[in-house]
1. For region 23-61 and region 68-113, write down the distance between their C-alpha centroids in whole Å.
2. Computing the accessible area with a 1.4 Å probe over protein heavy atoms, can you report the carbon and sulfur percentage for the chain?
3. Assigning unit charges at the beta carbon (Lys, Arg +1; Asp, Glu -1) and nothing else, what dipole magnitude in debye, to the nearest 20, does the chain show about its Cα centre?
4. What accessible area per residue comes out for region 1-68, rounded to a whole number of Å², with a 1.4 Å probe?
5. Net charge near G98, counting Lys/Arg +1 and Asp/Glu -1 over other residues with Cβ under 13 Å of its Cβ?
6. Find which of I28, S17, T52 sits farthest along the positive direction of the dipole of the chain, computed with +1 on the beta-carbon of Lys and Arg, -1 on that of Asp and Glu, about the Cα centre.
7. Based only on Cα atoms, what mean projected area does the convex hull of region 1-89 have, in nm²?
8. DSSP loop trypsin sites (Lys or Arg not before Pro) in region 2-84 with at most 12 other Cβ atoms within 10 Å of their Cβ, which ones?
Amino acid sequence: QVQLVESGGGLVQPGGSLRLSCAASGSIFSINAMGWYRQAPGKERELVATITNGGSINYADSVKGRFTISRDNAKNTVYLQMNSLKPEDTAVYYCKFGVRRTRWSAELPYWGQGTQVTVSS
């Protein structure tokens, strides 16, 4: 079994910063892409940022220049540093990993449970 545990969400004022973390545990052979997604009330889940095992990074246009994704492969952890937060960044943030559980396994997606980020004065 593979588990993803997120932390770091909360309430912050506009212009403030938060740092999200997501750590994977369990039976893991390798992790390819790690990513962050978010879902605001009444809206579909959307991509925020992804980072591959090779270090390729992709950001949604709405967060470019404000958010930074990074990963620590030794800790099976991905981070999302969020600066200059806006009310429209309010959402539940989910991490997603592409995991191979053994050398011979197919890569499967695993999701975290979600962490609430609220940007409000």
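The values are calculated or read from the model by the stated rules, or taken from the named source; none is laboratory data. Bear in mind that the values here come from a model prediction, so they are computed numbers and not experimental data. FYI the Cβ positions are ideal-geometry reconstructions off the backbone, even for glycines, and counts take in every protein chain you see. Surface accessibility is based on the protein's heavy atoms, side chains included, excluding ligands, DNA and RNA. Shrake-Rupley method; radii C 1.70, N 1.55, O 1.52, S 1.80 Å.
1. That distance is 4 Å.
2. 47 percent
3. 260 debye
4. I get 54 Å² per residue for region 1-68.
5. +3
6. I28
7. Averaged projected area of region 1-89's Cα convex hull equals 6.3 nm².
8. The qualifying sites are K43, K64.
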